[in-house]
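The structure appears below as structure tokens.
The values are calculated or read from the model by the stated rules, or taken from the named source; none is laboratory data. Every value quoted in this text rests on a predicted model; they were computed, and no experiment measured them. When we count neighbours, we look across all protein chains shown, and the Cβ atoms used for this are built from the backbone with ideal geometry, even at glycine.
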Amino acid sequence: MFERRMSPEEFSRFVLDHVAEKPEFPLSRYDEDSDSFEFISSGADYYAERLDSVVTLYRSEETGEIVGVFLEGLGKMVRQVVQKAPGFLAEIESAKVPLTSLIAVAIWVSIIQPALAGKYKKVRELLEKHGIRVLVDKDKLQP
């Protein structure tokens, strides 16, 4: 059977017509299955820089500035923070916690490597600028 080939212009139109719309930024999402959180501040091109087993930074290809972050094992981090600093539970007024607070306490109780504290501070500043909060189930954290 004879198939008609598409011209490059027709192919481009076909692809663009079938591509999902670009997401709106800033973008933040939590994936319960992988217990991971991702935040991206803009649609700019970026590259990933792995800091440790928890944090991967997204840096602007143009400027090198931090434009996003990927956190793995967020629930585990929360449980470690509460275990080492039970008073943190008192700071959780509602189910949503500023992610910046969680990262700060993680630094204070040495869950995060001290050598990386400066980079974590940059992550905190980015998340604070955008008011990012995470959902925490206090019932699962009670000792």
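Okay, here's what the table says:
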| read-out | value |
| --- | --- |
| Unmet requirement for Leu102, which otherwise passes all of (1) at pLDDT 85 or above; (2) closer than 17 Å to Val134 by Cβ | (1) |
| Set Ala106, Ala85: member being buried (at least 20 other Cβ atoms within 10 Å of the Cβ) and over 18 Å from Ala48 (Cβ atoms) | Ala106 |
| Output for segment 52-88, where each listed residue is at pLDDT 90 or above, assigned to a loop (DSSP other than H, G, I, E, B) and not small (Gly, Ala, Ser) | Glu61, Glu62, Thr63, Glu65 |
| Those residues of segment 4-41 which are modelled with pLDDT of 85 or more and in a strand (DSSP E or B), in sequence order | Leu27, Ser28, Arg29, Asp31, Ser36, Phe37, Glu38, Phe39, Ile40 |
| Glu9 vs. criteria within 22 Å of Gly131 (Cα to Cα) and among the charged types (D, E, K, R) | no |
| Search result, residues across segment 103-121 that are within 13 Å of the chain's Cα centre (by Cα) and not aromatic (Phe, Trp, Tyr) | Ile103 |
| Residue among Asp52, Asp35, Asp45 that alone is touching a Leu at 6+ places or on another chain (Cβ under 7 Å) and either of a type in the set (Phe, Trp, Tyr) or closer than 26 Å to Thr63 by Cβ (or both) | Asp52 |
| Single residue of segment 42-51 satisfying the filter (of a type in the set (Ser, Thr, Tyr) and surrounded by fewer than 17 Cβ atoms within 10 Å (Cβ to Cβ)) that is modelled with the lowest pLDDT | Ser42 |
| Filter result for the condition that a residue is in contact with an Asp or Glu (Cβ under 9 Å, 6 or more places away or on another chain) and farther than 17 Å from Lys129 by Cβ, over Glu32, Glu62 | Glu62 |
| Counted residues, segment 69-121 - those being out of contact with any Leu (no Cβ under 7 Å at 6 or more places or on another chain) and either on the phi > 0 side of the Ramachandran plot or basic (Lys, Arg) (or both) | 5 |
| Tabulated pairs, segment 55-77, first aromatic (Phe, Trp, Tyr), second surrounded by fewer than 16 Cβ atoms within 10 Å (Cβ to Cβ), C-beta under 7 angstrom, 6+ apart or interchain | Tyr58/Ala48 |
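Each row is one residue, and each column tells you yes or no for (1) farther than 14 Å from Lys122 by Cα; (2) over 13 Å from the mean Cα position of the chain (by Cα).
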{"residue": "Pro23", "(1), (2)": "yes, yes"}
{"residue": "Tyr30", "(1), (2)": "yes, no"}
{"residue": "Asp35", "(1), (2)": "yes, no"}
{"residue": "Phe39", "(1), (2)": "no, no"}
{"residue": "Gly43", "(1), (2)": "yes, yes"}
{"residue": "Tyr46", "(1), (2)": "yes, yes"}
{"residue": "Ser53", "(1), (2)": "yes, yes"}
{"residue": "Tyr58", "(1), (2)": "no, no"}
{"residue": "Thr63", "(1), (2)": "yes, yes"}
